[in-house]
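Enquirer: Sharing a structure here in structure tokens format.
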Amino acid sequence: MDAPRVLAHRLGPDASVPNHPRWPLLVYPGVVTTGPDLADAIEALFARHGWPPAWRNGVHPFHHFHSTAHEALGVYRGEVTVRFGGESGVDIVAWPGDVLVLPAGTGHKKLASRGALGVVGAYPAGQDADMHTRRAASPAQEMQAIARVPLPASDPVYGAAGPLFEHWRS
């Protein structure tokens with residue numbers, strides 16, 4: 001792989017989703033380019049770095065977030081526009097080979113897609129994702145729980161010394 005190119009988007013709290021209190025959304029454009037089957041290549045990459053693939057599908061068309069796990073999304077087919085961070089967040093277009101890494105609490109919602117969309121989803125080993133579609137009754141407790149989700153052992157794309165650790169610090 002070439003030298004890491006990572007785009008970081010720090011997302012503040014939103015009325016509909018908490019977002020992570022310290023760590024930004026990370027976008028790794030076009031990092032997976034090899035293999036006869038891009039989905040298999042993304043799954044192998046995630047698994048090699050301790051983020052076991054959990055599913056193949058798309059992105060839900062409604063705001064949601066995970067309070068108990070970080071998430072890696074690898075696009076293997078189609079094009080998707082996702083709003084991250086709630087209604088006041090950022091819209092990102094992702095193509096095959098792009099990987100997006102969401103810290104716990106990051107809201108996301110599919111706005112549009114083109115072609116037959118295919119995404120691999122993964123979570124760090126030992127983290128089980130829940131799913132929320134709205135903020136908790138106690139936002140302070142919710143943010144404390146999200147902040148307690150531990151730093152993963154490795155970057156899902158580049159491993160133990162990956163650029164995730166330049167952006168996410170314990």
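Enquirer: Report, please, the projected area of region 1-72 averaged over directions, based on the convex hull of its C-alpha atoms, in nm².
Expert: Reported value for the Cα convex hull: 6.2 nm².
Enquirer: Excluding ligands, DNA and RNA, what is the solvent-accessible area per residue of the chain at a probe of 1.4 Å, expressed in Å²?
Expert: Averaged over the residues of the chain, the accessible area is 46 Å².
Enquirer: Could you grab the relative contact order for the chain? Cα pairs under 8 Å, six or more apart, rounded to a whole percent. Intermediate results must be reported in sequence, preceding the final value.
Expert: Details: 431 pairs, mean separation 52.6, N = 170.
Relative contact order for the chain comes out at 31 percent.
Enquirer: Give the Kirkwood hydrodynamic radius (Å, one decimal) of region 7-162, defined as one over the mean of 1/r across all pairs of different Cα atoms.
Expert: Mean inverse Cα-Cα distance, inverted, gives 15.3 Å.
Enquirer: Could you work out the Rg to Rh ratio of region 82-170, with Rh taken as the Kirkwood radius (inverse of the mean 1/r over all Cα pairs)?
Expert: 0.96
Enquirer: Test of the criteria: in region 1-93, which GluC sites (Glu not before Pro) are in a DSSP loop and have at most 12 other Cβ atoms within 10 angstrom of their Cβ? All intermediate terms of the calculation are to be shown ahead of the outcome.
Expert: Details: sites: Glu43, Glu71, Glu79, Glu87; in loops: Glu87.
Those that pass, being in a loop and sparsely packed, are Glu87.
Enquirer: Sorted by accessible area (1.4 Å probe), largest first, how do Leu100, Leu7 line up?
Expert: Details: Leu100 10, Leu7 65 Å².
Correct descending sequence by accessible area is Leu7, Leu100.
Enquirer: Something else about it: Where is the GNM fluctuation largest for the chain (alpha-carbon springs, 10 angstrom cutoff): Ala69, Ala104, Ala39?
Expert: In the Gaussian network model the winner is Ala39.
Enquirer: In percent, what relative contact order does region 1-72 have, based on Cα pairs under 8 Å that are 6 or more apart in sequence?
Expert: 23 percent
Enquirer: Another question, if that's okay. Of all the accessible heavy-atom surface of the chain, with the other protein chains kept in place and a 1.4 Å probe, what percent is carbon and sulfur?
Expert: Numbers: 4120 of 7790 Å².
Heavy-atom surface of the chain belonging to carbon and sulfur, 1.4 Å probe: 53 percent.
Enquirer: Order of 136-145, 110-119 by packing, highest average Cβ count within 10 Å first?
Expert: Numbers: 136-145: 12.4, 110-119: 15.5.
Per-residue mean Cβ counts within 10 Å order the peptides as 110-119, 136-145.
Enquirer: When the helices in the chain are scored as -39500 (n - 2.57) per DSSP H run of 4 or longer and the sum is shared across all residues, what 222 nm value do you end up with, to the nearest 500 deg cm²/dmol?
Expert: On the way: 3 runs with 24 residues, N = 170.
Theoretical 222 nm ellipticity from helices: -4000 deg cm²/dmol.
The values are calculated or read from the model by the stated rules, or taken from the named source; none is laboratory data. What you are looking at is a predicted structure, and each value in this text was computed from that prediction instead of being measured. No Cβ is skipped: glycine too gets one built from the backbone with ideal geometry, and neighbour counts run over all protein chains shown. Only protein heavy atoms, including side chains, enter the accessible area calculation; ligands, DNA and RNA are left aside. Shrake-Rupley method; radii C 1.70, N 1.55, O 1.52, S 1.80 Å.
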